[in-house]
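*Asks:* One structure, as structure tokens, below. Some questions next.
The values are calculated or read from the model by the stated rules, or taken from the named source; none is laboratory data. These figures come from a predicted structure and were not determined experimentally. Here the Cβ positions follow ideal geometry from the backbone for every residue, glycine too, while neighbour counts run over all protein chains shown.
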Amino acid sequence: MSFLHGFKKNLNRAGQSIRRSGNDRTVDNEFDEEYERFRQLEKKSEKLAKEAKGYLDSLRAMTQAQKRICTILDSFYDESTPMPQSGIEYKKAIERLDEETRTNLDNAYRNTVIEPLARFCSYFPEINEAIKRRQKKLLDYDSAKAKVRRLVDRPSEDPQKLPRAEQEANVARELYENLNTIIVNDLPKVVELRVPYIDPCFEALVKSQLRFSQVSYEQLESLRNYFPPSSTEADQRVDDVLQQMRELTICGNF
């Protein structure tokens, strides 16, 4: 029964939302401005949290792809033609990089970037629920005002009807204004929270990227001695081949 009562009340409010005239509609420019700022913050924060998680997923996918490359390269060799030492060392380097990513970078990145952003975004549903409650109180208040206006325009035979309607309107106004004041005061505080949340996350993101790049460079740099040093002549041959590829109609520009 309580569910049906609440459902009917919500339907009545929906009807009120449609029937309200311009004179009965309460306009709060201050709330509208703060709510728009909050909506933009919510949208950008959720997108940032999604992309930040996508970055970590991409790192893990990249290291896994490198491990699969090692496995495929190994399949080109057998006992009669074993993999050269450069391939063996490359495999070891990639395994060390994957281990570093899984054990150190992954945990640090989750603790300093993903989890703080997720915690920040977790506040938004509760705030949106409060905004919905405010909207319901606003509909109740505007409906009560409209009822008073109708009784003023067309007085009832019951002399107590207008005073009762005015009292109901005052109660509805007080309920709405109390909740509205809290929300209007708190929304700017929520928006300002982006500074202590986003700035440290951004710093941690950059440091994580730097750490991954450094580890990758160190592991791959260790393989330099297994390959002949590049020369100007070799670089020129590569440039010549690239130029020939550019001249092919089936190949786009590099």
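Yes/no matrix, rows are residues, columns are (1) touching a residue at least 24 places away in the same chain (Cβ under 8 Å); (2) touching a helix residue (DSSP H, G or I) at 6+ places or on another chain (Cβ under 7 Å); (3) β-branched (V, I, T):
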residue: R68; (1), (2), (3): no, no, no
residue: I72; (1), (2), (3): no, no, yes
residue: S75; (1), (2), (3): no, no, no
residue: S86; (1), (2), (3): yes, yes, no
residue: R102; (1), (2), (3): yes, no, no
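*Asks:* Name the residues in region 91-111 that are β-branched (V, I, T) and either modelled with pLDDT of 95 or more or closer than 16 Å to S58 by Cβ (or both), would you?
*Replies:* Residue satisfying the conditions is T101 alone.
*Asks:* Okay, moving on. Look at K147 and say whether it is surrounded by 16 or more Cβ atoms within 10 Å (Cβ to Cβ), among the charged types (D, E, K, R) and at pLDDT below 95.
*Replies:* yes
*Asks:* Sticking with this one: Considering only region 93-129, state which residues are among the small types (G, A, S) and surrounded by fewer than 14 Cβ atoms within 10 Å (Cβ to Cβ).
*Replies:* S122
Matching residues to (1) surrounded by 10 or more Cβ atoms within 10 Å (Cβ to Cβ); (2) modelled with pLDDT of 90 or more; (3) hydrophobic (A, V, I, L, M, F, W, C):
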| residue | (1), (2), (3) |
| --- | --- |
| L179 | yes, yes, yes |
| D186 | yes, yes, no |
| E192 | yes, yes, no |
| K207 | yes, yes, no |
| S222 | yes, no, no |
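*Asks:* For R68, state whether it is closer than 26 Å to P200 by Cβ and either part of a helix (DSSP H, G or I) or over 32 Å from the mean Cα position of the chain (by Cα) (or both).
*Replies:* Judged against the criteria, R68 is not a match.
*Asks:* Could you run through region 123-142 and say how many residues are over 30 Å from the mean Cα position of the chain (by Cα) and without any contact (Cβ under 8 Å) to a residue 24 or more places away in the chain?
*Replies:* Here the count works out to 0.
*Asks:* Could you look through region 10-33, keep only residues that are over 16 Å from Y176 (Cβ atoms) and assigned to a helix (DSSP H, G or I), and pick out the one that is modelled with the lowest pLDDT?
*Replies:* I18
*Asks:* Output the residues belonging to region 65-101 that are within 21 Å of E51 (Cβ to Cβ) and out of contact with any Lys or Arg (no Cβ under 7 Å at 6 or more places or on another chain).
*Replies:* Correct list: A65 only.
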